[in-house]
Amino acid sequence: MNNSRIPLKSQSARKSQGCLSFVHLFSVAFLVLVLAAQLLFRDAKLHYSHIFTGQPFLRAIPSPPARIDPEPVCENQPFPTSLPVSWPLNMALAEETKAVVAKFDYTDENLNAGVKEFIRQMGEGLEQDGTSLSQIPTYVTAVPNGTEKGMYMAVDLGGTNFRVCSILLNGDTTFNLTYSKVAIPKELMVAKTAGELFAFLAKQIEEFLKTHHQEHFYKAVRRRQTFSAPEGYRDENALQLGFTFSFPVNQIGINKGNLIRWTKGFDIPDAVGKDVCALLQVEIDKLHLPVKVSALVNDTVGTLMARSYTSPGKTGAILGAIFGTGTNGAYIEKLANVKKPMTGEFDKTTGLMVINTEWGSFDNQLNVLPNTTWDIQLDKNTPNPGIQMFEKRVSGMFLGEIVRLTIVDMLKNDDIHLFKDINSSHNDWKSTTNIAPQSGIFQPWGLDSAIMSVAAADNTPELGTLRQSLESDLHVYSPSLEDAQAFKAIAGAIGRRAARLSAVAVGAIVLQTGKLTDPEWAGEAIDIGVDGSLVEHYPYFRDMMYEGLRAIEGIGEEGAKRIRIGIAKDGSGVGAALIALVAAGMEKNQSVADHLHDVRTEAKANIPSAIPEAGETSTVI
Ligand code: BGC
């Protein structure tokens, strides 16, 4: 009965001891099972996250080796001491980015081959028409020296905007410029007839005169009511207008030129082959405006003139160049080197002629230009395949599209996860990246080159500004640091190639002019005026150009030091005014009225709705 003496408590304790060890064992085994199941489940979630998250299946996710960030950043630390790093599953992205960047490499060797070919094609263009570098004589035979004076008008058609300006040249290298700017409606860029576009331009001139030169405008209106000429003013009283028309034109006089082809997205076949000055004069006359188109100017020629007017050295600028929506350059050539016939009148005493190279079409035959698969794709999607091949690798209108096509191809590569994460732990912003379907990345021409400047300017470790722009401009949500780094590298490589190609054109022209070795220019700066969004807003564009110039045989370190590349803003206004002034000087032998008679006779021959001579009865109005 001893057993009965055993306290109940102890008995139960013993019992429970036996029970406990069983429960222990059981719970440990259970825990192990639960843990194993959880691990399996988590792994499965990583591999098949689309099933668990209900997300559409985007790609097969390669199993990343389970890893823990070696240096985790303490979330509670207010000022983290180490950089935020997104989950580096993306060695593949880094590798692929490197490979793509290498395809845009433009080596010193390429650069020198480019310069040789550029000089060869320049020579070819000076000998005959129809070559890839058009080398168009502009009938401008001298550059200004800053003492020019007078009031002129200028209009500028050359890209997305139309500008109307009036310029007062003060004669002391300074000027006053008033202007208005209007976007060209897209439908007019591809209008059926030239008249539609040029009527719009004339209307803007009328608006400008009403707003800024009421006196002149209403004087002309008053005269119209009392005077027998339908224009209501004597031609001698007209404002002289320089017409900056930044497309390839076969110039046959200082105020006459037939359009060779459209570029930069314009496409109005009706205008090709016609004199663009006459097209504008006809529409101006229809509105009875007291304005005469007296000079035809390419924007590069305007830039060259403006640069010479505002910063005249002992020697003047030798080249005016545009690196903007399009690209081109005009330089001063020895008249003796221009072998092809020139029909128009010009002053031969200077022995010089400003040549509009139209270098946008350098090497259309692709003898030396780089040609990646993305360059080929881009060219196919333009209205002028095979033309402006240099411009399509250099200018702002095209660079964004090259970046876009490259990124689109990278997005197709499932192994590199560009702009995609597995989950929020793979992104230093602790979110997941995705691109909205309406992103410009998926639309042809939907990536504005401006974001390339943001990418080039953001040199912070986090690339915060670029990532913000990717979100706001391209609808890429929460791009990771690696995504932004890849984008920056690719955009940078495309921008750098463009700058080095630009150095080819500039370097070739410097060599062609022979100034570096000319004893008369010893120690003198070789001045170049430039304008356009790339040189103005793309960070380091000029520096990269200089780097290219230093690598050119015949220029080198020393030569590059003598080349002075300076911004010449408003070339299309001031430059055009200066050429209108030159034109007025040339007309001393021919009265303004005679000159206008010529313009109108020609216009009548070419354009059915041309305005009649002063004194004739209008058939149009
Ligand atoms: C045109 C040139 C112009 C350049 C810069 C090119 O597309 O062909 O005439 O000078 O753009 O505006």
Using modelled amide H (1.01 Å from N, peptide plane; none on Pro or chain starts), what sits under 5 Å from the amide H of Q135, excluding residues fewer than 5 places away?
E358
Total formal charge among the other residues, if their Cβ is under 11 angstrom from that of E536, Lys/Arg +1 and Asp/Glu -1:
+1
Output the peptides 276-289, 122-135, 445-458 sorted from most to least packed, where packing is the average of other Cβ atoms within 10 Å over each peptide's residues.
276-289, 445-458, 122-135
On the principal axes of its Cα set, how long, how wide and how thick is segment 400-483? Give whole Å, largest value first.
33, 28, 20
Give me M151, M389 ranked fewest to most by other Cβ atoms within 10 Å of their Cβ, as a rough exposure proxy.
M151, M389
Extension length gain for D105 and T174 (0.36 nm per residue less Cα distance), in nm, is 20.6 nm
If you take every residue apart from M389 with its C-beta less than 11 Å away from the C-beta of M389, what net charge results, scoring Lys and Arg +1 and Asp and Glu -1?
-2
Residue order, fewest to most beta carbons within 10 Å, for R307, R497:
R497, R307
Report, largest value first, the span of the C-alpha coordinates of segment 340-438 along each principal axis, in whole Å.
75, 26, 25
Computed magnitude of the charge dipole of segment 292-393 (debye, nearest 20; Cβ of K, R +1, Cβ of D, E -1):
240 debye
Evaluate segment 325-373: find the radius of gyration of its Cα atoms, find its Kirkwood radius, and give the ratio Rg to Rh.
1.12
Where Rh is the Kirkwood radius over Cα pairs, Rg/Rh for segment 442-568
1.10
When the charge dipole of segment 383-522 is computed with +1 on Lys and Arg Cβ and -1 on Asp and Glu Cβ about the Cα centre, the Cα farthest towards its positive end, among V504, T517, S431, belongs to T517
Give me the compactness ratio for segment 249-367, meaning the Cα radius of gyration over 2.2 N^0.38 Å.
1.18
Theoretical gain in end-to-end length, V190 to E124 [0.36 nm per residue, Cα-Cα removed]
20.5 nm
According to the Cα gyration tensor, what semi-axes, each the square root of 5 times an eigenvalue, does the equivalent ellipsoid of segment 117-160 have, listed from largest to smallest in whole Å?
30, 16, 9
What FRET efficiency would be calculated for the residue pair K561, K219, taking the C-beta separation as r and a Förster radius of 56 Å, to the nearest 0.05?
0.55
Principal axis extents for segment 86-228, Cα atoms only, whole Å, descending order, please.
79, 49, 40
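Every number in this text was worked out from the coordinates using simple rules, so none of it is lab data. Keep in mind the model is a prediction, meaning the values are calculated, not measured. Methodologically, a virtual Cβ is constructed for each residue, glycine included, from the backbone with ideal geometry; neighbour enumeration extends over all protein chains shown.
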